[in-house]
Amino acid sequence: MLHTGLTDIELINKILQGNQALFAQLVERYQSYVFTLVLRFTDSREDAEEISQDIFVKTYRSLADFRGESKFSTWLYTIVRTSCITFLRKKKLDITSIDNERTYLQLENQESGFKADTVEQKSRHTMVSQAIRLLSPDDAQLITLFYKGEQSLEEIGRVMRLEPNTVKVKLHRARHRLKEKMEKYFSHEVREIQGN
Amino acid sequence: MDTHIQMEERLWDYIDGRGTPVERSSIETLLAENMEWQRKYKELLNIHQMMQEVELDAPSMRFSKNVMEEIARLQVAPATKTYINKNIIRGIGAFFLAMIGGFLLFCLGQFKWSGSGSGPSSTFLPRYDLDIDTKMKTFNWGRIFNSAYTSIFVLVLVILGLVMLDMYLGNRKKQTA
């Protein structure tokens, strides 16, 4: 995910000194991370792209507020989370319920598609990605932060204002639900993988 | 069922590299001896590896350019701590404390501290007249709001407000200079 060269802190210091062009490096470094996290909140790639763009603009504007006490990705996630919640409030979607209408709708729409696919067409990555999308936004974000955002339980807890132990329990539950989704919708593939 | 969940939780901790050496060693023993634990471990490890392998979604090719075009006409805003003056925050705090203090003093002034109760405790404790509803209706508010004390209190608040406004404007002037 991270490019070589200047560290995040070095880049930020140079940007704050007036080198605006260097912000492009930060964008390139974190665009997929932000975009994936936003996609956990919305199914539309267009919306996700618009929100992600807005997040980077907000990040640039408030860059002087980054004090370097946490990782840049942790601080960036606070902006991602507030932006996504604002977006969902505008769209009046329920983000707390796990088995909400949106999830059911998603399942109904995707179930037939999953069954029509053959094992060869579907890579392990695609299967896990699709299973993650069937989770609630909170579960999906937690898994993405832990596995792809390289965030520790303590860092996630700081952003979500939760105790690390609570984050651990939530992560266990999220993984358990992911396993259930995979067994329910990709049972054939899961058996194949476990057979290997 | 609980044992099953506990088993999963312990195994996830083990896979994530958490837990004390004693706990890890006990799980290693279980994995070496128990077929059920071995099967579950393999299952969870598969999921763990798959999640690690999941690729992040990428936005469109133009994404970075779009962001840079958007920020080209913007500037980094000054850090919040540079324009939020602690004295202003303290001033606002003092203002509200003065308000609350004034209100409490007024309320305390409404109690009848000398009582004529018949019980033994009434000789030591003040008798509170708590028929607030009737009191509020019959109370002569005009007497309070026309009193010299209220005028002084309001005057102090106005001066405090003007001092705070002056400090705020002064700081803004310094920042823009």
Worksheet item: Quick one: which of A:R67, A:R89 is assigned to a helix (DSSP H, G or I), modelled with pLDDT under 90, among the basic types (K, R) and over 15 Å from the mean Cα position of the chain (by Cα)?
Response: A:R89
Worksheet item: List the pairs whose first member sits in segment B:27-46 and is in the same structural domain as B:D13 (by TED's automatic domain parsing), whose second member is of a type in the set (S, T, Y) and part of a helix (DSSP H, G or I), and whose Cβ atoms are under 8 Å apart, counting only residues at least 6 apart or on separate chains?
Response: B:I27/B:Y14; B:L31/B:Y41; B:Y41/B:Y14
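Each row is one residue, and each column tells you yes or no for (1) surrounded by 14 or more Cβ atoms within 10 Å (Cβ to Cβ); (2) not aliphatic (A, V, I, L, M).
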position: B:E55; (1), (2): no, yes
position: B:A58; (1), (2): no, no
position: B:N66; (1), (2): yes, yes
position: B:E69; (1), (2): no, yes
position: B:Q75; (1), (2): no, yes
position: B:K81; (1), (2): no, yes
position: B:N85; (1), (2): yes, yes
position: B:I88; (1), (2): yes, no
Worksheet item: Which residues, counting only those in segment B:39-93, are closer than 30 Å to B:G161 by Cβ and more than 9 Å from every other protein chain (Cβ to nearest Cβ)?
Response: B:Y83, B:I84, B:N85, B:K86, B:N87, B:I88, B:I89, B:R90, B:G91, B:I92, B:G93
Worksheet, complete the sentence: Among helices (runs of 4 or more DSSP H) entirely within segment B:1-99, at least 1 residues that are modelled with pLDDT of 90 or more and among the polar types (S, T, N, Q) occur in B:21-33, B:35-53, B:63-71
Item to complete: State the number of residues belonging to segment A:41-58 that are at pLDDT below 95 and of a type in the set (S, T, N, Q).
Response: 2
Practice prompt. Return a yes/no flag: does segment A:11-24 have any residue that is more than 7 Å from every other protein chain (Cβ to nearest Cβ), under 20 Å from A:S136 (Cα atoms), out of contact with any helix residue (DSSP H, G or I) (no Cβ under 6 Å at 6 or more places or on another chain) and in a loop (DSSP other than H, G, I, E, B).
Written response: no
Practice prompt. Would you mention how many residues in segment A:126-165 are assigned to a loop (DSSP other than H, G, I, E, B) and surrounded by 20 or more Cβ atoms within 10 Å (Cβ to Cβ)?
Written response: 5
Fill in: Residues (within 12 Å of B:P59 (Cα to Cα) and in contact (Cβ under 8 Å) with a residue 40 or more places away in the chain) located in segment A:40-63
A:D47
Worksheet item: Restricting attention to segment A:103-119, does a residue exist that is in contact with a helix residue (DSSP H, G or I) (Cβ under 9 Å, 6 or more places away or on another chain) and either closer than 23 Å to A:V169 by Cβ or modelled with pLDDT of 55 or more (or both)?
Response: no
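The values are calculated or read from the model by the stated rules, or taken from the named source; none is laboratory data. Keep in mind it's a predicted model, so treat the numbers as computed, not measured. All Cβ positions, even for glycine, are placed from backbone atoms using ideal geometry, and neighbour counts span all protein chains on display.
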